[in-house]
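Peer 1: Take this structure first; my questions come after.
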Amino acid sequence: MEWDDWQTRVWRGKAAAISRAVVPTGFHELDRYLPGGGWPVGVITEIFVDDYGVGELALLMPALKALTTTDPAKPRKWIAWIAPPFVPYAPALQQHGIDIERLLMIHPTAGHKSRLWAIEQVVRSGSSAGVLAWVPAADEVILRRLQLAAEDQGCWTLLFRPASARRQRSPAALRIYLTRAEAVGRVEIIKCRGGRPGVVEIASLGLPSGDSSAVA
Amino acid sequence: MPRRSQSLELFAPPPLVTPSVEPLAARSRPQLWLAVCLPSLALECLSIPRGPRPAVVVDSQQGQPFVVAANRAAADAGIAFGCKLGTATALAASLQVFERAPRLELASLESLARWALGLTSLVNVEPAEGVLLEVAGSLKLFGTLEAIKAKLCHELARRGLGFCMCVAPTPTAAVWLARAASADALRRHELAGRLGALPLGVTRWPPEVQELLKCLGMRTIGDCARLPRDGFARRVGSAYLLELDRAFGRRVELRAEYRAPSAWSARVELFDESVDSALFMEAVEQLLDELIAELRKQQAQIDRLEIAFEHLHRPPTIESFVLLEPTHERERLLHLIGDRLQRSVLPVPAVALRVRSDALLPLALRESDLFEAKPHDELVRVLFERLRERFGTEAVYGLSAVAEHRPERAWAKSFELTARQMRGERQLSQNQARPLWLLTEPIALPSIAARRAALRLCSGPERIESGWWDEHDVGRDYYTAKNALGQSLWVFRDHRTRGWFLHGFFG
């Protein structure tokens with residue numbers, strides 16, 4: 001048989017064609033690790049953090065910058081932030097290069113049902129480029145439904161959940177646990193569709209540049 | 001003698017000016033008016049069920065009550081327009097007597113006029129009489145006059161109104177010919193002959209004027225028209241001479257255009273009182289269809305809507321909807337109302353629903369891409385409305401940067417989601433790091449000793465002193481700090497209180 005026939009007939013595990021769209025993360029260590037070379041679009045990505053301020057937003061800044069500064073003539077250009085725990089500070093976002101006019105903040109009423117309803121509505125509308133949501137509790141059924149909706153509409157969906165939930169089962173295609181020690185961000189990939197679990201270390205994740213002299 | 005003539009002169013009436021015939025300016029297009037007269041409107045608008053019993057409608061406003069309209073049974077008994085009530089009751093034994101309702105008559109005429117706006121744009125309502133349509137402009141669209149008349153006949157039959165219709169070049173002539181139930185007069189040169197043959201009664205001039213003309217020997221309109229103009233004006237009145245001029249087309253006649261009112265309201269009664277939201281949705285859909293038809297006819301859109309649930313023995317429950325942008329689309333309104341109805345629970349069963357819209361705004365058309373399935377903006381708008389509807393208008397907003405030194409004021413919520421303006425931003429230099437998360441209120445950190453153990457200050461201080469001109473004066477030294485958990489914090493030390501506060505996280 002010809003070599004070309006072999007190539008088409010043999011399934012090569014790692015290099016299986018990932019035809020899913022991706023958004024480059026902006027960190028080359030992570031890009032190399034993730035299948036497709038970036039955040040997967042059209043599936044749910046779960047990010048687990050112990051506390052806020054460990055660099056969870058800084059991890060997304062390059063991707064957000066890429067998404068919000070696309071050509072204005074194209075539709076689907078805004079990002080929804082659903083139930084953010086604090087105020088996303090506009091001057092800081094601008095410093096990272098994001099067009100803040102493309103961001104929408106949604107504060108659902110108390111109760112995780114309304115939060116999940118809001119996420120589902122935004123994802124299903126098909127008009128947003130991405131959704132960032134802070135979800136304390138969600139069950140597998142709802143997540144599966146969200147994932148189907150995201151796949152249908154091709155929406156970049158990120159859910160931030162407390163680290164205690166990382167042991168639960170979930171249909172999300174990418175699940176990462178983020179911690180930071182000193183300046184180094186540690187991204188532990190718990191589950192990755194089309195790739196292997198592992199740990200990626202990102203140097204100087206999200207810290208402002210400045211002298212590190214301790215002030216008395 | 002001279003004195004008497006003097007006294008006569010003192011009290012002499014002002015000199016009479018006979019109105020002269022003005023030459024008609026050449027018009028771009030000759031008009032053609034279709035008059036629809038509804039002789040028994042007073043009876044039909046009351047929705048009296050048809051039956052063998054004679055029924056009359058009386059008008060008791062001017063002096064003695066007299067009959068305005070009578071149904072077939074009453075007419076057979078000999079009761080006619082103008083009969084006194086006593087005569088009528090004497091003629092028919094089991095007579096039903098109804099009071100005239102001018103408001104209902106006007107409402108029914110206006111409803112017909114609103115429908116007729118679909119045939120032509122110039123409609124005039126003649127109170128207690130009928131409706132006038134200017135159809136010369138619509139002939140091209142509908143083809144022939146017969147087509148317009150057929151549509152009109154169909155609609156009038158559907159509404160159960162008896163009518164007489166006639167077409168003439170001037171409105172007054174059309175009305176007179178319709179009252180006499182005669183055939184159309186399509187050309188101006190026919191008018192003189194056709195109007196001339198009509199009896200004087202069709203003009204509906206006051207009885208004393210008609211009496212005077214009868215005494216003078218005038219029986220038809222043609223007779224009046226042949227009289228000398230100044231004599232007619234002096235004896236009868238110049239107003240009637242003007243009316244004759246207008247009818248014959250010698251004088252321009254303008255009729256007030258009927259404009260549909262800019263508010264809309266409709267009501268539906270439920271069969272039985274209920275709290276079932278599915279039933280409400282059905283009723284609302286029905287009313288919405290009417291509203292959408294009305295909006296389409298008037299080329300209008302709405303941005304607020306009110307649904308009132310009427311209860312027995314209680315004031316109605318009102319649900320108001322305010323839309324982000326005006327709309328005339330059925331789906332959007334249905335989604336909005338459906339969401340609200342599903343979530344709301346009525347305290348008491350409702351017996352009727354009324355949908356009301358206050359302001360009908362003119363339609364502003366948007367250009368959209370021909371090949372796009374549904375315009376993107378529309379999807380966004382629908383989504384925003386649903387979210388605002390459920391969570392409140394304050395819960396959905398965009399961000400904007402403000403040129404301010406004080407960090408908590410350097411950002412603002414932006415509720416104008418479709419048209420956003422930048423309110424000016426300061427360019428921050430690179431060594432002025434700002435945290436991605438800002439706390440709405442700074443949190444006081446525990447005492448300095450504890451702070452030193454937990455936090456390690458990395459950079460700073462950045463001094464911000466501002467706001468002496470309003471009450472929110474701040475004097476702070478900002479530092480970035482790290483703690484053992486890997487968090488990066490933005491803390492400051494207040495000058496006045498000498499306390500340490502946490503203001504944000506470098507997320």
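Peer 1: For B:R354, are the conditions met, namely being within 12 Å of chain A (Cβ to nearest Cβ) and either under 26 Å from the mean Cα position of the chain (by Cα) or modelled with pLDDT of 85 or more (or both)? Reasoning before the result, please.
Peer 2: Values: within 12 Å of chain A (Cβ to nearest Cβ): no; either under 26 Å from the mean Cα position of the chain (by Cα) or modelled with pLDDT of 85 or more (or both): yes.
Considered against the rule, which asks whether it is within 12 Å of chain A (Cβ to nearest Cβ) and either under 26 Å from the mean Cα position of the chain (by Cα) or modelled with pLDDT of 85 or more (or both), B:R354 comes out as no.
Peer 1: Shifting gears a bit: Does A:A58 fit the bill of being surrounded by fewer than 18 Cβ atoms within 10 Å (Cβ to Cβ) and part of a loop (DSSP other than H, G, I, E, B)? Step through it out loud before you land on a result.
Peer 2: Values: surrounded by fewer than 18 Cβ atoms within 10 Å (Cβ to Cβ): no; part of a loop (DSSP other than H, G, I, E, B): yes.
It is false that A:A58 is surrounded by fewer than 18 Cβ atoms within 10 Å (Cβ to Cβ) and part of a loop (DSSP other than H, G, I, E, B).
Peer 1: Inside the range B:111-133, can you point out the residues that are buried (at least 17 other Cβ atoms within 10 Å of the Cβ) and touching a Pro at 6+ places or on another chain (Cβ under 8 Å)?
Peer 2: Within the range B:111-133, B:N124, B:L132 qualify.
Peer 1: A:Q121 is checked against (1) out of contact with any Phe, Trp or Tyr (no Cβ under 9 Å at 6 or more places or on another chain); (2) within 10 Å of chain B (Cβ to nearest Cβ); (3) within 24 Å of A:P35 (Cα to Cα) and fails just one. What number does that condition carry?
Peer 2: Just one mismatch for A:Q121, condition (3).
Peer 1: Please name all residue pairs, on different chains or six or more residues apart, with Cβ atoms under 8 Å, provided the first residue is in the range B:482-504 and is within 10 Å of chain A (Cβ to nearest Cβ) and the second residue is among the β-branched types (V, I, T) and part of a loop (DSSP other than H, G, I, E, B).
Peer 2: The qualifying pairs are B:L485/A:V54; B:G486/A:V54; B:Q487/A:V54; B:S488/A:V54.
Peer 1: All but one of (1) touching an Asp or Glu at 6+ places or on another chain (Cβ under 9 Å); (2) assigned to a strand (DSSP E or B); (3) closer than 20 Å to B:L156 by Cβ hold for B:L133; which doesn't?
Peer 2: B:L133 satisfies all of (1) touching an Asp or Glu at 6+ places or on another chain (Cβ under 9 Å); (2) assigned to a strand (DSSP E or B); (3) closer than 20 Å to B:L156 by Cβ except (1).
Peer 1: What residue, among those in the range A:86-100 that are surrounded by fewer than 19 Cβ atoms within 10 Å (Cβ to Cβ) and modelled with pLDDT under 90, is farthest from the other protein chains (Cβ to nearest Cβ)?
Peer 2: Start the filter on the range A:86-100 by keeping residues that are surrounded by fewer than 19 Cβ atoms within 10 Å (Cβ to Cβ), which leaves A:86-87, A:96-97, A:99.
Now drop any that are not modelled with pLDDT under 90, which leaves A:87, A:96-97, A:99.
Numbers: A:V87: 4, A:H96: 8, A:G97: 12, A:D99: 10 Å.
This residue is A:G97.
Peer 1: Starting from residues that are over 26 Å from A:A181 (Cβ atoms) and modelled with pLDDT of 85 or more, keep the ones in the range B:470-479 and report whichever is farthest from the chain's Cα centre (by Cα).
Peer 2: So the first thing to find is which residues in the range B:470-479 are over 26 Å from A:A181 (Cβ atoms), and the list is B:470-477.
Next, from what is left, pick out any that are modelled with pLDDT of 85 or more: B:473-477.
Numbers: B:D473: 52, B:V474: 54, B:G475: 57, B:R476: 58, B:D477: 60 Å.
Only one residue fits best here, namely B:D477.
Peer 1: Also: Please work out if A:A133 is more than 10 Å from chain B (Cβ to nearest Cβ) and either outside any loop (DSSP other than H, G, I, E, B) or in contact (Cβ under 8 Å) with a residue 60 or more places away in the chain (or both).
Peer 2: Details: more than 10 Å from chain B (Cβ to nearest Cβ): yes; either outside any loop (DSSP other than H, G, I, E, B) or in contact (Cβ under 8 Å) with a residue 60 or more places away in the chain (or both): yes.
Answer is yes for this residue.
Peer 1: Inside the range A:107-142, can you point out the residues that are buried (at least 21 other Cβ atoms within 10 Å of the Cβ) and over 19 Å from A:P84 (Cα atoms)?
Peer 2: A:S127 - this is the single residue of the range A:107-142 that is buried (at least 21 other Cβ atoms within 10 Å of the Cβ) and over 19 Å from A:P84 (Cα atoms).
Peer 1: When only residues in the range A:151-185 that are touching a Phe, Trp or Tyr at 6+ places or on another chain (Cβ under 8 Å) and of a type in the set (G, A, S) count, which is surrounded by the most Cβ atoms within 10 Å (Cβ to Cβ)?
Peer 2: Among those residues, the one meeting the criterion is A:A165.
Peer 1: Here's a follow-up. Does A:I106 count as more than 14 Å from chain B (Cβ to nearest Cβ), farther than 21 Å from A:L59 by Cβ and in contact with a helix residue (DSSP H, G or I) (Cβ under 6 Å, 6 or more places away or on another chain)? So that I can check it myself, show each step before the final result.
Peer 2: On the way: more than 14 Å from chain B (Cβ to nearest Cβ): no; farther than 21 Å from A:L59 by Cβ: yes; in contact with a helix residue (DSSP H, G or I) (Cβ under 6 Å, 6 or more places away or on another chain): yes.
Here the answer is no, as A:I106 does not meet what is asked.
Peer 1: Does B:G460 satisfy the criteria of being touching a residue at least 24 places away in the same chain (Cβ under 8 Å), assigned to a strand (DSSP E or B), within 14 Å of another protein chain (Cβ to nearest Cβ) and not hydroxyl-bearing (S, T, Y)? I'd like the intermediate steps shown before the answer.
Peer 2: On the way: touching a residue at least 24 places away in the same chain (Cβ under 8 Å): no; assigned to a strand (DSSP E or B): yes; within 14 Å of another protein chain (Cβ to nearest Cβ): yes; not hydroxyl-bearing (S, T, Y): yes.
When the stated conditions are applied, B:G460 does not pass them.
Peer 1: If A:A66 satisfies all but one of (1) of a type in the set (A, V, I, L, M, F, W, C); (2) crowded, with 19+ Cβ neighbours inside 10 Å; (3) more than 11 Å from chain B (Cβ to nearest Cβ), what's the number of the condition it fails?
Peer 2: (2)
Peer 1: Additional query: Which of (1) surrounded by fewer than 21 Cβ atoms within 10 Å (Cβ to Cβ); (2) at negative phi; (3) free of Cβ contacts under 8 Å to residues at least 60 places away in the same chain; (4) not in a helix (DSSP H, G or I) is the odd one out, the single condition B:E146 does not satisfy?
Peer 2: Single failed check for B:E146: (4).
Peer 1: Looking at B:L112, is it outside any helix (DSSP H, G or I) and within 17 Å of B:W33 (Cβ to Cβ)?
Peer 2: Numbers: outside any helix (DSSP H, G or I): no; within 17 Å of B:W33 (Cβ to Cβ): yes.
Answer is no for this residue.
Peer 1: How many residues are more than 14 Å from B:P39 (Cα to Cα) and charged (D, E, K, R) when one looks only at the range B:115-136?
Peer 2: Summing the residues that are more than 14 Å from B:P39 (Cα to Cα) and charged (D, E, K, R) in the range B:115-136 gives 1.
Peer 1: Follow-up. Looking at B:L445, B:L489, B:L438, B:L502, which is the one that is at pLDDT 90 or above and surrounded by 15 or more Cβ atoms within 10 Å (Cβ to Cβ)?
Peer 2: Details: B:L445 fails: at pLDDT 90 or above; B:L489 fails: at pLDDT 90 or above; B:L502 fails: at pLDDT 90 or above.
Only one candidate passes the filter, namely B:L438.
The values are calculated or read from the model by the stated rules, or taken from the named source; none is laboratory data. A quick note: this is a predicted structure, and the numbers were derived from the prediction, not measured. Note: ideal-geometry Cβ built from the backbone for every residue, glycine included; neighbour counts use all protein chains shown.
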